[in-house]
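J.: Just dropping this structure here.
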Amino acid sequence: MADRVTVIGWDGSPPADAARAALGAATLVAGAAHHLALPEVPAGAERIRLGSVALAARRIAAHRGTAVVLADGDPGFFGVVRTLRAPEFGLEVEVVPGVSSVASAFARAGMPWDDAQVVVAHPRTLRRAVNVCRAHTKVAVLTSPGAGPAELGLLMDGVHRTFVICEELGTTRERVTVVTSDKAADHTWRDPNIVIVVGGRAGAADSGGWLAGRDPSTGPRGWSLPAEEYGGDLGEGEREPLRVSQLARLGPRVGDLVWDIGCGSGAFATEAARAGAAVIAVDRDPGACARTDATARRYGIQLQTVHGTAPHILENLPEPDVVRVGGGGAAVVSAVADRRPQRIVTHAATRDGAELIGRNLAEHGYQVECALLQSVELDTRAWTEKERSVAFLLSGVLPARGN
């Protein structure tokens, strides 16, 4: 095992005294090509070009001597420290941090970033990173080859945002460019880069934050809101007991894309977005789309409305994680199941309708649950019945994809 392992964050500025001392004593240095070219790297030290951090960690663990790992920015923030400290390598490391590249990017943009979401985009996580950009007004995206500004812009289709693209921060080739999201694919961008994604509806003004990122305590308390918040008289499929049960079964969360088909007043779409998920609300009634937009503006949340009739309008929508089918029956449920979301919820007014939808979901490979929900609202002044609702709640889960 290496006698000593020091991880140095480099932000483009000359190395500090502690970093210089560690480099001067190093018998092995690992880093990217631009790190290994630094004049402070000893000529006689073994050099490892960082590709796979895990592979480098194995070589460092087997090295007898003093090792240094160079990384951009703060290596403890979505960086190499996590891998190097993994139990299978047995490495204890000392860290000399640099200024985080995220902090540098926001500094170049002249913006605060305590209220920003920070995500990492690799080809395998790009879609989830885009969903966060859809759902939030300020996001920093740590990009990678194949998951850069152009790919982000292409997948943001239908959602307008501003991109602040910071290339090669801290070097002589540093460049900061501001473009709209629809223009990002028109350019070739240099790696490494960070994209600050801003725009959308502003939430309630706050004189000062207490929690980094999105504050979940803003807005009304409660997972679901009473009908009065959505204009009063809601349809059978939007009543609060059914809505709460559907939300519980779908479990929308940050990084998800939710389809709400037959959005009506926007009650379900709004509450899924309040959970941090990206939401596309679909309805054939332009009035329903307008009401949903108005509700989203009132609560300062981000969602996209699409006017059209399902199932045809669904063909060009991005892939969903979870879907609520509020209208359209078995034909729409079948079209949704063809897209293979992890979870689907819907409801039926009759047992025959529930059986038809349940068989349909089962034929598509979903595990199906059905419950008969009955709720009775009481007038607490006289303790008499005000309203009664009954519905069959159906949910389908793809076993292979788990939760």
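The values are calculated or read from the model by the stated rules, or taken from the named source; none is laboratory data. These numbers were taken from a predicted model, which means no experiment stands behind them. Virtual Cβ from ideal backbone geometry, glycine too; neighbours counted across all protein chains shown. Please note that ligands, DNA and RNA were not included when accessible areas were found on the heavy atoms of the full protein model with its side chains. Shrake-Rupley method; radii C 1.70, N 1.55, O 1.52, S 1.80 Å.
J.: Could you tell me whether segment 95-109 includes any residue that is assigned to a loop (DSSP other than H, G, I, E, B) and either over 26 Å from ALA16 (Cβ atoms) or of a type in the set (Phe, Trp, Tyr) (or both)?
T.: No, segment 95-109 contains no residue that is assigned to a loop (DSSP other than H, G, I, E, B) and either over 26 Å from ALA16 (Cβ atoms) or of a type in the set (Phe, Trp, Tyr) (or both).
J.: Being open to solvent by 30 Å² or more (accessible area, probe 1.4 Å) and of a type in the set (S, T, N, Q) is the filter; apply it to segment 346-374 and report the residue that is farthest from the chain's Cα centre (by Cα).
T.: Taking the candidates together, the pick is THR350.
J.: Follow-up question, since we're still on this one. Here's a check for you: in segment 219-239, which residue that is in contact (Cβ under 8 Å) with a residue 24 or more places away in the chain and over 13 Å from THR270 (Cβ atoms) is surrounded by the most Cβ atoms within 10 Å (Cβ to Cβ)?
T.: GLY237
J.: In segment 354-385, what residues are at pLDDT 95 or above and either part of a helix (DSSP H, G or I) or out of contact with any strand residue (DSSP E or B) (no Cβ under 8 Å at 6 or more places or on another chain) (or both)?
T.: ALA354, GLU355, LEU356, ILE357, GLY358, ARG359, ASN360, LEU361, ALA362, GLU363, GLY365, listed by residue number.
J.: Quick one: would you say VAL345 is assigned to a helix (DSSP H, G or I) and of a type in the set (Val, Ile, Thr)?
T.: Judged against the criteria, VAL345 is not a match.
J.: Being of a type in the set (Gly, Ala, Ser), buried (at least 20 other Cβ atoms within 10 Å of the Cβ) and closer than 21 Å to ALA140 by Cβ narrows it down to one residue among GLY213, GLY276, GLY266; which is it?
T.: None of the other options fit; the residue is GLY276.
J.: Starting from segment 8-31, take each residue that is under 27 Å from ASN193 (Cα atoms) and list its partners that are among the acidic types (Asp, Glu) and part of a loop (DSSP other than H, G, I, E, B), counting only C-beta distances under 7 angstrom and pairs at least six apart or across chains.
T.: Once the first residue is under 27 Å from ASN193 (Cα atoms) and sits in segment 8-31, its partners that are among the acidic types (Asp, Glu) and part of a loop (DSSP other than H, G, I, E, B) give GLY9/ASP74; PRO15/GLU40; ARG20/GLU40; LEU23/GLU40.
J.: Next question, about the same structure. Just the residues that are crowded, with 19+ Cβ neighbours inside 10 Å and of a type in the set (A, V, I, L, M), please, taken from segment 94-116.
T.: Correct list: VAL95, VAL96, VAL102, ALA105, ALA116.
J.: Say we look at segment 47-85 and pick out the residues that are surrounded by fewer than 16 Cβ atoms within 10 Å (Cβ to Cβ), within 29 Å of the chain's Cα centre (by Cα) and small (Gly, Ala, Ser); which of these is farthest from ALA105 (Cα to Cα)?
T.: ALA54
J.: A follow-up question, please. Only one of VAL130, VAL139, VAL119 is assigned to a helix (DSSP H, G or I), crowded, with 22+ Cβ neighbours inside 10 Å and not aromatic (Phe, Trp, Tyr); which?
T.: Being assigned to a helix (DSSP H, G or I), crowded, with 22+ Cβ neighbours inside 10 Å and not aromatic (Phe, Trp, Tyr) holds for just one of VAL130, VAL139, VAL119, which is VAL130.
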